[in-house]
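Below is one structure; the comments refer to it alone.
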Amino acid sequence: GENVEQHPSTLSVQEGDSAVIKCTYSDSASNYFPWYKQELGKGPQLIIDIRSNVGEKKDQRIAVTLNKTAKHFSLHITETQPEDSAVYFCAATEGFQKLVFGTGTRLLVSP
Amino acid sequence: GAVVSQHPSRVICKSGTSVKIECRSLDFQATTMFWYRQFPKQSLMLMATSNEGSKATYEQGVEKDKFLINHASLTLSTLTVTSAHPEDSSFYICSARDWQGADSNQPQHFGDGTRLSIL
């Protein structure tokens, strides 16, 4: 089955800096890759996603890149703000419906 | 749009009690809902996939008689933890996927979770 690895596990940046979180996946058949932000005590919130027919997608300060050949994808957050502090999860599809999640990255943005 | 409501948000009960958690898609129809379990500082682990009008599909190692799932309508799925014990204490989260025909690559939208504490 699909296996998703995520790095780093923790990331501390200063406000205004950029943050990059990287994930690799194992199943070459995976074709959908969402990113979720989870704040303490809440459920994950979808922040951006990318499909396998696209190499890059951007939404304001957030961008995701996908390298199908290398089977890795990354989340880029520019001009970070304290409210970006949360746990971020990447995920990849397995089969028709399921998502397999990475282990999470705890992002701390210091003012 | 794509709001998923989960209730209750927190449950504290005695060992041996059965607990029901509801997951509703408020502004879309969800033929498929998912139930996850999350331990502190860990990732989401899929427990089961719930399809409207049919039996749920459980992941390996998840006891179907322990975690009863019902998905009777396009907007409601329930998870019942039967005869709960302290080891069942966890954060349970549901998600729902908007129905879009044969397109499987529709986002999963999550509820805010239920923190279950068994004394």
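Highest average first, the peptides B:11-23, B:76-88 ordered by how many other beta carbon atoms sit within 10 Å of their residues are B:76-88, B:11-23.
Rounded to 0.05, the FRET efficiency of the A:Lys42 and A:Ser9 pair, given R0 = 25 Å and the Cβ-Cβ distance, is 0.80. In this assembly, the A-B interface accounts for approximately 1800 Å² of buried accessible surface in total, computed with a 1.4 Å probe and without ligands, DNA or RNA.
Could you tell me what percent of the DSSP beta bridges with both partners in chain B are antiparallel, to the nearest 5? Show your work: numbers first, answer last.
Details: 37 of 41 bridges.
Roughly 90 percent of the DSSP beta bridges within chain B come out antiparallel.
Rounding to the nearest 20 debye, state how big the charge dipole of the protein assembly as shown is about its Cα centre with +1 on each Lys and Arg Cβ and -1 on each Asp and Glu Cβ.
Working: 22 positive and 24 negative charges, 70 e Å.
It comes to approximately 340 debye.
Over chain A, what is the relative contact order in percent, taking alpha-carbon pairs closer than 8 angstrom and at least six residues apart?
Values: 281 pairs, mean separation 41.2, N = 111.
Across chain A, relative contact order equals 37 percent.
In this structure, the residue pairs whose Cα-Cα separation is over 32 Å, taken from A:Lys22/A:Lys98; A:Lys71/B:Lys41; A:Lys57/B:Lys20, are A:Lys57/B:Lys20.
Per residue of A:89-101, other chain Cβ atoms within 10 Å of the residue Cβ number 4 on average.
Cβ-Cβ distance of B:Ile12 and A:Arg106, R₀ of 30 Å, FRET efficiency by 1/(1 + (r/R0)^6): the value works out to about 0.65.
Using a 10 Å cut-off on Cβ to Cβ distances, tally the other chain neighbours for every residue of A:36-47 and report the average as a whole number. Can you show the working numbers first?
Working: counts 5, 0, 6, 1, 0, 6, 6, 15, 11, 3, 6, 0.
Mean partner-chain Cβ count within 10 Å for A:36-47: 5.
Contact order, relative form, for the stretch A:8-53: 29 percent (alpha carbon pairs under 8 Å, 6 or more residues apart, mean separation divided by residue count). In summary, the aspartates and glutamates within cross-link reach of A:Lys68, defined as a Cα separation below 19 angstrom excluding same-chain residues under 8 places away, comprise A:Glu2, A:Glu5, A:Asp27, A:Asp49, A:Glu56, A:Glu94. The phi-based Karplus calculation (6.51 cos²θ - 1.76 cosθ + 1.60; θ = phi - 60°) puts the 3J(HN,Hα) values of the stretch A:99-109 at 10, 10, 9, x, 7, x, 10, 8, 9, 10, 10 Hz, whole numbers, x for Gly and Pro.
Shielding by partners for peptide B:44-50, expressed as the average number of C-beta atoms from other protein chains within 10 Å of each residue's C-beta, is 3.
Translational D (Stokes-Einstein, µm²/s) of the stretch B:1-42 at 37 °C and 0.692 mPa s when Rh comes from the Kirkwood sum over C-alpha pairs? Before the final figure, lay out the partial values.
On the way: Rh = 12.7 Å.
The estimated diffusion coefficient comes to 258 µm²/s.
Phi angles across the stretch B:28-37 convert, under the Karplus curve 6.51 cos²θ - 1.76 cosθ + 1.60 with θ = phi - 60°, into 3J(HN,Hα) values of 7, 9, 10, 6, 10, 10, 10, 10, 10, 10 Hz, Gly and Pro given as x.
I need the calculated FRET efficiency for the pair A:Asp17 and B:Ser5, taking r as the beta carbon distance and R₀ as 35 Å, to the nearest 0.05. The value I calculate is 0.45.
The values are calculated or read from the model by the stated rules, or taken from the named source; none is laboratory data. Nothing here was measured: the structure is a model prediction, and the numbers come from that model. Please note: Cβ atoms are built from the backbone with ideal geometry, for glycine as well, and neighbour counts cover all protein chains shown. Accessible surface areas use protein heavy atoms only, side chains included; no ligands, DNA or RNA. Shrake-Rupley method; radii C 1.70, N 1.55, O 1.52, S 1.80 Å.
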